[in-house]
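What follows is calculated from the coordinates using simple rules that are stated; it is not laboratory data. Treat the numbers as computed from the prediction; the structure is a model and nothing was measured. Here the Cβ positions follow ideal geometry from the backbone for every residue, glycine too, while neighbour counts run over all protein chains shown.
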Amino acid sequence: MAREFETIYLGGKITAKGVGRLKIAEAGIGWKNAANGKVTAVPAAEIQKLSWQRCAREFQLRVQQKDGTIVKFDGFPRDTYDTLAHLIKNLYHKTLERKELSVRGWNWGSIEFQGNNMSFNVANHPAFEIPLNEVANATLASRNEVSVEFAGSDGDPKSSRGEDALVEVRFFVPGVGTQSQVTQNEDGIRLFKDKDEEGDIRVDDGVDDEPVEENGEKPVLDEDGSALSSASLLCETIKQKSDFGGAFGESIASFENLLCLTPRGRFEVDMHADFFRLRGKSHDYKVLYDSVIMLALLPKPDDLHFMLVVGLDPPLRQGQTRYPFLVFQFEREDEMEISLAMDDETLTTTYANRLKKDYDGPIYEVVSDILKGLSGKKLTTPGGTFRSNQNQSGIKCAYKANEAFLYPLEKLILSIPKPAIYFSHNDIAAVTFARVGQAGGNTLKTFEIKFNLRDGPEYTFSSIAREEHDPLMAYFRAKKIQVLSELVDTGVGYVEDSDIESEEEPVRKRSRDEGDGYEDEDESEDEDFAPEDESDVAEEYDEQYAGSSDEEGAAPDGANEKSDASDNEDSRQKPKGKVKPEGNVAKKEDKSKQPAKKKAKKDAAAPKKNVSAFLLFCKDKRPEVMDENPGLSITEASKKLGELWKSITPDEKKKYDNLASEDKERYERERKVYEAGGGGSSSKGTTSASGSKSKGAPSASGSKSSGDGKYKSAEFVDSDED
């Protein structure tokens, strides 16, 4: 009673894998590719469920096996349903289930797990499905948000797509998991139940995500007694049901708590036969050995650490961020012993003695040797081609605003850790040394190197110690790389050059002497400096300028007549240079140049100001954030705390609001006691007195006479001379 169907397509991930002939017989269902004759078979004993639904090519027959795998056959005409349903009923004693797809376009609904497939349903109709064996990573982006990332086409990370492909989906999952929705696997990990079991997960636009009982059922609690969010349960379920989530059996070698600089965090690294897995607290990555393009083990220029660099193509993805390099850091003195979970025959036949059964030594050597053996990639280490002035393999520098370590290696240039930059000698068009020389009469302590690549990009590394100039120059010359030099742009004065014609010398010397901002280190003190003197502009063009006769003593009449007689002539001539007054002229009060008022000292007995709820939260959570993210800067830690503050539940936030209210009541109570005892009045009076001064008198803090007719500027006045 077998039946054959022509022009049937075997469904694939993105497009159909091919067209061929389908045969349904008592032994099972078989499909043969018309192009290459390859056969895909589903034994009758493995068939669990069959369904019929609309697809891009007419209608689709979906066959679900007992292990959860779904095989799809496309291209059936609409009127074939009755024939297939009758045939399946007689052969396999199963019902061909009709499935109506949701075309409403809604983005909220429910999620169902069925074997290794996850279905997103809208109004009880499937909108789309996600094969979990195609998931590359699942992370908890926030308390209520789950990010799901997908691997390359057909599991090949290097396969190129000629069309757009889905790489990430994010789900917003409010609320908490209830006991009827959750089950436990063999390892005791809580997961959402399969479709064949009771319960599903709601993914709607719910606003209330408080950990309360839902539908009268108790929420699932973690070890600390807190309710587990639906998002965390969904993320863990996807991890466990996906191939990367531990379905590959025992690992060959495992390393715990390895520090990774890029991406930042501490990971548990499990090495399997075809891939290695990075398991962190919030991220989980699967990296195929086929995607590893380079390995490098480099000593950090501090004699304390080693760094293992793993180049990836395609890069690791974390949301919109891509990481083409993994950079691990190891303590130089740390050692370990490990035995590989592999028999001697496999070591000899499969890995051709690239691996050993037992390892004992520094941890950076053990990890790099095992990764080298499993991936089959060459491990690059520094040779003797370059040694810095400090006898190191690399030099400290800066790339943009980030600290970097530059390694001139045998055939390439590598900069780590963030961002990691890598290019070979053949890619370099020229190397330019910039900011080498003197500026403003001072020798520069650092210089820059610019790498111009043949395909266009330019990389500039700055803050390189001056002592590294000669070793780098010798390295580039030995590698026959073109080297250019740029004179430093001093902006003041010029560097002497014997090739310049003699008639340019006066111009150069004048530029050196009169250049903007040029100062001689041996310049003597200005004998004519007087703080009260008014500027030239104020003297010559100010209507209120009255001359020196209006001040401490009137000048002789003859002097005044001489001044009046030459007034017309002076007004027609523009003054050259600065005109210094002959006497001490009283300076008009310039508020912008007045010395800053002294800040009143804080009273030690004053009550401590109250703290906000957010600051109390930061004080409570900061140690936890720093422990989870070692090496996090203050700015990054504050940003992380801000994100945590936004994601906590109203009940958690209420706790800190109550603490803040109590602290405010404490402050108000102590402030009243403080003011009742006379606190605060003396400091206010002192501030007022110090802020007032008599008009026309020179400020004591602004300038002070030294007693010999000269004046000292404010920074030389001792504050105790009041």
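Is the shape of segment 248-380 best called rounded, prolate or oblate, per the rule: a/c under 1.5 gives rounded, else a/b larger than b/c gives prolate, else oblate, with a ≥ b ≥ c the square roots of the Cα gyration tensor eigenvalues? Oblate shape, in that a/c is at least 1.5 and b/c is the bigger or equal ratio. Compactness ratio for segment 395-487: Cα radius of gyration over 2.2 N^0.38 Å (N = residue count) comes to 1.04.
When +1 charges are put on Lys and Arg Cβ atoms and -1 charges on Asp and Glu Cβ atoms, the dipole computed for segment 248-380 relative to its Cα centre reaches about 800 debye. Using R0 = 22 Å, the C-beta based FRET efficiency linking residue 643 and residue 615 works out to 0.90.
Residues whose amide H comes within less than 5 Å of that of residue 220, counting only those at least five positions distant or on another chain, are 177, 178, 179, 228 (H built at 1.01 Å from N in the peptide plane). Per-residue 3J(HN,Hα) values for segment 97-106, derived from phi via the Karplus relation 6.51 cos²θ - 1.76 cosθ + 1.60 with θ = phi - 60°, read 7, 7, 10, 9, 7, 7, 10, 6, x, 6 Hz in sequence order (x marks Gly and Pro).
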